[in-house]
1. Kindly indicate which of Leu149, Leu142, Leu130, Leu158 is surrounded by 22 or more Cβ atoms within 10 Å (Cβ to Cβ) and in contact (Cβ under 8 Å) with a residue 24 or more places away in the chain.
2. Of Leu186, Leu233, Leu238, which residue is crowded, with 19+ Cβ neighbours inside 10 Å and either within 24 Å of Gln28 (Cα to Cα) or at pLDDT 90 or above (or both)?
3. Report whether or not Val215 is under 16 Å from Asp286 (Cβ atoms) and not charged (D, E, K, R).
4. For region 158-181, which residues satisfy the criterion of being modelled with pLDDT of 95 or more and not in a helix (DSSP H, G or I)?
5. Tell me which residues, restricted to region 73-92, are of a type in the set (Gly, Ala, Ser), more than 16 Å from Ser183 (Cβ to Cβ) and either outside the structural domain of Ala174 (by TED's automatic domain parsing) or surrounded by 15 or more Cβ atoms within 10 Å (Cβ to Cβ) (or both).
6. Give me a count of the residues in region 26-45 that are out of contact with any Phe, Trp or Tyr (no Cβ under 9 Å at 6 or more places or on another chain), under 9 Å from Lys9 (Cβ atoms) and either charged (D, E, K, R) or not in a loop (DSSP other than H, G, I, E, B) (or both).
7. Restricting the search to region 1-20, which residues are on the phi > 0 side of the Ramachandran plot and over 22 Å from the mean Cα position of the chain (by Cα)?
8. Go through region 194-296 and tell me which strands (runs of 3 or more DSSP E), entirely inside it, have 1 or more residues that are without any contact (Cβ under 8 Å) to a residue 60 or more places away in the chain.
Amino acid sequence: MIEARGLGKRYGQKVAVEDVSFTIRPGQVTGFLGPNGAGKSTTMRLTVGLDRPTSGTVTVNGKRYRDSAAPLAEVGALLDAKGVHPGRSARSHLRALAATHGIPNRRVDEVLEQTGLAAVAGKRAGGFSLGMGQRLGIAAALLGDPQVLILDEPVNGLDPDGVMWVRKLLRHLAGEGRTVLLSSHLMSEMAQTADHVIVLGKGRVIADAPIAEIVSRGGGERVVVRSPEAARLASALLNLPGVSLESEGEERFTATGITAAELGRAAAQYGIELHELSPVGASLEDAYLALTRDEVEYQAA
């Protein structure tokens with residue numbers, strides 16, 4: 001379990017994290033979301049003792065990470081996949097980490113096999129692709145067989161098979177009763193992996209709830225419409241209260257604020273032919289964008 005209470009961090013005049021409190025429980029995958037600069041990476045660094053908090057506390061299984069007698073067996077973390085000496089092989093890198101905790105070399109071979117790196121274990125990490133580097137970082141996180149996993153963007157650079165492998169791995173680890181904290185900007189993948197979501201905005205917690213509850217905040221269903229008379233139908237729908245439309249071409253648009261049944265009745269009333277009428281439920285991406293609309297620190301012009 002990871003617990004933060006009133007956690008804060010300043011870098012000079014810059015407030016990175018302010019009064020953050022949460023509990024990340026075992027047996028589930030907790031997604032950690034937020035715009036760039038929201039404080040996610042800082043919070044993760046504070047959790048594993050890479051930075052000292054300005055205020056508040058964060059503990060892992062009831063104690064500070066730096067007070068653990070065997071940190072790798074307590075927490076497995078992937079915060080920077082590039083944090084490997086480029087001249088070392090994957091096997092040598094993991095054996096060096098294992099030696100600090102008395103972990104046998106057979107465990108190194110196990111995680112190399114588990115992460116799909118056994119065939120390239122003797123190659124230098126400096127020649128690895130981004131995806132292979134991510135796999136090596138995950139192997140290092142798994143090395144001590146920890147009860148807590150903290151992974152920052154672990155699927156970055158992975159191909160679709162690799163992304164699916166990470167998803168299944170994290171679901172399996174959570175199913176064993178481990179605590180899993182996962183950061184990612186891939187909303188579709190987070191929706192399939194996480195049970196619970198914490199959202200940060202400008203250093204503060206703006207949402208902390210089960211993923212189904214978060215998704216429900218994204219609003220009602222959207223309706224995809226295709227018609228040879230899309231412009232006339234759109235004009236009629238815009239006269240209805242609460243309806244908004246997003247054009248997707250001359251004959252297609254998406255409507256919100258109206259159900260598929262209501263839209264179908266409106267089309268029939270005006271004698272408008274429909275070629276498509278497809279309801280689409282709210283998504284995690286919809287909910288996330290709604291939550292963080294006013295929390296984005298770095299915006300493009």
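The values are calculated or read from the model by the stated rules, or taken from the named source; none is laboratory data. Note that the structure is a prediction, hence the values are computed from the model and not measured. We place every Cβ from the backbone using ideal geometry, glycine too, and count neighbours over all the protein chains shown.
1. Values: Leu142 fails: surrounded by 22 or more Cβ atoms within 10 Å (Cβ to Cβ); Leu130 fails: surrounded by 22 or more Cβ atoms within 10 Å (Cβ to Cβ); Leu158 fails: surrounded by 22 or more Cβ atoms within 10 Å (Cβ to Cβ).
Residue meeting the stated conditions: Leu149.
2. Details: Leu186 fails: crowded, with 19+ Cβ neighbours inside 10 Å; Leu238 fails: crowded, with 19+ Cβ neighbours inside 10 Å.
Among Leu186, Leu233, Leu238, only Leu233 is crowded, with 19+ Cβ neighbours inside 10 Å and either within 24 Å of Gln28 (Cα to Cα) or at pLDDT 90 or above (or both).
3. Working: under 16 Å from Asp286 (Cβ atoms): yes; not charged (D, E, K, R): yes.
Yes.
4. Glu176, Gly177, Arg178, Thr179, Val180, Leu181
5. Result: Ala73, Ser89, Ala90, Ser92.
6. Looking only at that region, the number is 1.
7. If the condition is that a residue be on the phi > 0 side of the Ramachandran plot and over 22 Å from the mean Cα position of the chain (by Cα), then Gly6, Gly12 are the ones that fit.
8. Working: elements: 196-201, 204-210, 222-226, 244-247, 252-256, 276-280.
Passing ranges, in order: 204-210, 222-226, 244-247, 252-256, 276-280.
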